[in-house]
Amino acid sequence: MAISASPTTQPEVTDSYARLEEKVLERDQRGASQIFYDLVRAGRPLPELVREIVRIHAPYTHVPYHQRLDDGVVRFVNNDHCFLSSRASTDLMKLLRPELAYLPLAQTIWYVPTGLDPWNQLLGKMPGHYVRLYELKFEGKPPLPHIHWSDQQPLAIDGTFPEKLNAWLTLVQRGEVINAYRVFLGLWHEVVGD
């Protein structure tokens, strides 16, 4: 299923998405879910819902690296579960009865607030799904998630598509984060366009 939607311009809908973003960044699963349910009940289109969910959490999932070595133990940074869940939800919806169709996306929105900034979760600097080895105690609200990398411009490279994918994977394996991201954006732009 192709997902694309025009930006929302209705003030009440824009306000709802701003409140959804606020609840996600506060890690308020119940509050984010309630706003999402209200948007579904209001009949907001699926492409718009998915676009906004991804827009809200995408800046916080681009991590410094996809694995860490902590005391010699390799820890993989699973930063893409929310993206995968958003995408899989659109296919799963087709398999369910209409009255249950939004359950997969409801599960995604429940998960997103705890999946932000997995890098700092692994370091024990903030709460969330990926905290495993730390007992975190925060007075008041926990810190906001951190954006580790600013967005970049796509980088087009020469070669066949399989050669380009291999070049991208090589950049990833070498830890060349910025160039790997730029090449990924270039590949994305090549396949999807604007």
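The values are calculated or read from the model by the stated rules, or taken from the named source; none is laboratory data. Just so we're clear, the structure is a prediction, and the values are computed from it rather than from any experiment. In this analysis, Cβ positions are derived from the backbone assuming ideal geometry, glycine residues included, and neighbour counts consider all displayed protein chains.
Some observations on this one:
- Checked against the criteria, W188 does not count as in contact with a Phe, Trp or Tyr (Cβ under 8 Å, 6 or more places away or on another chain) and not small (G, A, S).
- Within segment 1-18, residues that are under 18 Å from S89 (Cβ atoms) sit with their Cβ atoms under 7 Å from residues that are assigned to a loop (DSSP other than H, G, I, E, B) and at pLDDT 60 or above, at 6+ positions apart or across chains, in these pairs: A5/P45; Y17/T8.
- Pairs with Cβ under 9 Å, 6+ apart, first in segment 33-49 and under 16 Å from M93 (Cβ atoms) and assigned by TED's automatic domain parsing to the domain that holds L105, second aliphatic (A, V, I, L, M) and surrounded by fewer than 13 Cβ atoms within 10 Å (Cβ to Cβ): L46/M1; P47/M1; P47/A2
- Residue match in segment 130-141 (condition: crowded, with 17+ Cβ neighbours inside 10 Å, without any contact (Cβ under 8 Å) to a residue 60 or more places away in the chain and either farther than 30 Å from Y17 by Cα or among the aliphatic types (A, V, I, L, M) (or both)): yes
- From the list F184, F161, the one residue that fits, being surrounded by fewer than 12 Cβ atoms within 10 Å (Cβ to Cβ) and not assigned by TED's automatic domain parsing to the domain that holds L25, is F161.
- When we screen D28, D70, D80 for residues that are modelled with pLDDT under 95 and farther than 29 Å from Q173 by Cα, the only hit is D28.
- Residues that are over 14 Å from T108 (Cα atoms) and under 14 Å from the mean Cα position of the chain (by Cα), drawn from segment 22-72: L25, P59, Y60, T61, H62, V63
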